[in-house]
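Have a look at the structure below, then the notes.
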Amino acid sequence: MTDIKLGLSMRYLGYHIAAWRHPDFDPSWLTSFAAYRDVALQAEAEKLDMIFFADGLAVRGEDKPAGALSHDVRNAELEPLTLLSAIAAVTKNIGLVATASTTYNEPYHVARKYASLDHISGGRAGWNVVTSWSDQEALNFNRVAPLPKDERYDRAAEFVEVVKGLWNSFEGDAFTHDKASGQFYDPEKLHVLNHSGRFFQVRGPLTAARTPQGRPLIVQAGASDKGRDIAAQHADVVYTVALDIEEARTFYADLKRRAAEYGRTANAPLIMPGLTLYVGETKAEAEAKFHEMQSLIDPTAGLAMLYNYCGDLSAYDLDKPIPEDFTSDRISISASMIQKARRENLTIRQMYENAAAGFTGRYMVGTAKEIVDDMQHWVEAGAADGFNICPPMLPQGMEDLSRFILPEMRHRGLFRTEYSGRTLRENLGLD
């Protein structure tokens, strides 16, 4: 049986930039714990593997075109680890994954916080490793510009090593709690890290016992060469932004090969491309949902979205293709966006409509059968182990999963009806 892994991305309660303008969406939900709690509980009821919160440390993007920032929903949200700690208290099985930057944190802070979340949740925590690339984040942390890309990734690689070392401060049975002898822990089972490297000097030990799943999961999303090496060596799950199956298969094969070179087993890392779904009982119903959401895109917000990835396109005709001499290498997905636009001869307006529909990732519009056919094909063709579902709008996107996608997957034996374990690591089938 093909076992497809599924995560649910919940940031901003929807990944379409115009979702907040939809008549069924209440913008006050963006800072409402109850809204996120209710979606998380529904995701757990449907036995999804995990929920996921991306994060940034600034209101990213410049005010280009003028007025763009005031048209953007991405300016007020809840801090994800705080939010997931609250969600952990009302859930029992679903994995809890949040982003923390290796550029503007210290390893000890990250190790301690995620170890605490793993204990609070009974073994369901995951850390999504990112390097922060934006000018706006740099300006919030005593810098005038972000670190150079190579330095960011070198720092990230050492950061992850330190965090993993801190998570190994105590062996699993170190805490004897022997009241008769007065011994609280066995000193032979305490390991002081004493790390000394290019970026970090960290003695340790971490003030946390070994966590319920050994250590929290490590999740990673960088597609650069150095990002892939970090993923191959350390990650349990990798999120990708593959836009077509051949691109996805190439990435999948490369990452599994790199992981094997590090002596890792075949099931890690699990690779889960992002996927946004517009689904209905019929194709026409799905297309109506899609076109309704697309009609809400403000051109200023659309151009601002492209600016974050590709630069300023506001001087060009929106209804003509991107100029031939235009290039951008801001982050890994920039080149993919431009290549897709040229391959499909998209106008700039169509570029931002495409980007908005899947938040720069892949999206599908269709019936449950059509969508699950495609998902199954990707997994069986060696392009994915599962998918990180990025709904255009929540809670409606979760309701569509429940009503359409999951019944079709279960009918084919592609997705569970019950959790198989207690921890996130067990439910993902990871060692």
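The values are calculated or read from the model by the stated rules, or taken from the named source; none is laboratory data. Computed from a predicted model, the values in this text were never measured in an experiment. Because the Cβ atoms are built from the backbone with ideal geometry, glycine has one as well, and the counts that use them run over all protein chains shown.
Okay, here's what the table says:
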{"quantity": "Unique match (being touching a residue at least 24 places away in the same chain (Cβ under 8 Å) and under 30 Å from ALA98 (Cβ atoms)) among THR347, THR360, THR367", "calculated": "THR360"}
{"quantity": "All helices (runs of 4 or more DSSP H) inside segment 32-125 with 1 or more residues being at pLDDT 95 or above and closer than 25 Å to LYS164 by Cβ", "calculated": "80-88, 107-121"}
{"quantity": "When residues of segment 396-431 are limited to those that are touching a Phe, Trp or Tyr at 6+ places or on another chain (Cβ under 8 Å) and of a type in the set (A, V, I, L, M, F, W, C), the one farthest from ARG124 (Cα to Cα)", "calculated": "MET409"}
{"quantity": "Only listed residue being under 21 Å from GLY274 (Cβ atoms), assigned to a helix (DSSP H, G or I) and touching a strand residue (DSSP E or B) at 6+ places or on another chain (Cβ under 7 Å), chosen from ILE218, ILE230", "calculated": "ILE230"}
{"quantity": "Subset of segment 70-83 that is within 27 Å of TYR239 (Cα to Cα) and buried (at least 16 other Cβ atoms within 10 Å of the Cβ) - its residue that is farthest from the chain's Cα centre (by Cα)", "calculated": "ASP72"}
{"quantity": "Any chance ASP374 is without any contact (Cβ under 8 Å) to a residue 60 or more places away in the chain and out of contact with any helix residue (DSSP H, G or I) (no Cβ under 6 Å at 6 or more places or on another chain)", "calculated": "yes"}
{"quantity": "Count - residues of segment 241-288 that are hydroxyl-bearing (Ser, Thr, Tyr), in a loop (DSSP other than H, G, I, E, B) and within 22 Å of the chain's Cα centre (by Cα)", "calculated": "0"}
{"quantity": "Out of ALA68, ALA157, ALA180, ALA145, sole residue that is closer than 28 Å to ASP49 by Cα and aliphatic (A, V, I, L, M)", "calculated": "ALA157"}
{"quantity": "Some residue of segment 178-190 being touching a residue at least 60 places away in the same chain (Cβ under 8 Å) and touching a strand residue (DSSP E or B) at 6+ places or on another chain (Cβ under 9 Å)", "calculated": "no"}
{"quantity": "Options ASP173, ASP178; residue that is more than 25 Å from ILE120 (Cβ to Cβ), modelled with pLDDT of 95 or more and either over 18 Å from the mean Cα position of the chain (by Cα) or of a type in the set (Lys, Arg) (or both)", "calculated": "ASP178"}
{"quantity": "Meets criteria (surrounded by 13 or more Cβ atoms within 10 Å (Cβ to Cβ), out of contact with any Asp or Glu (no Cβ under 7 Å at 6 or more places or on another chain) and not polar (S, T, N, Q)) for PRO146", "calculated": "no"}
{"quantity": "Residue within segment 299-314 that is surrounded by fewer than 17 Cβ atoms within 10 Å (Cβ to Cβ), more than 25 Å from GLY227 (Cβ to Cβ) and touching a Ser or Thr at 6+ places or on another chain (Cβ under 8 Å) present", "calculated": "no"}
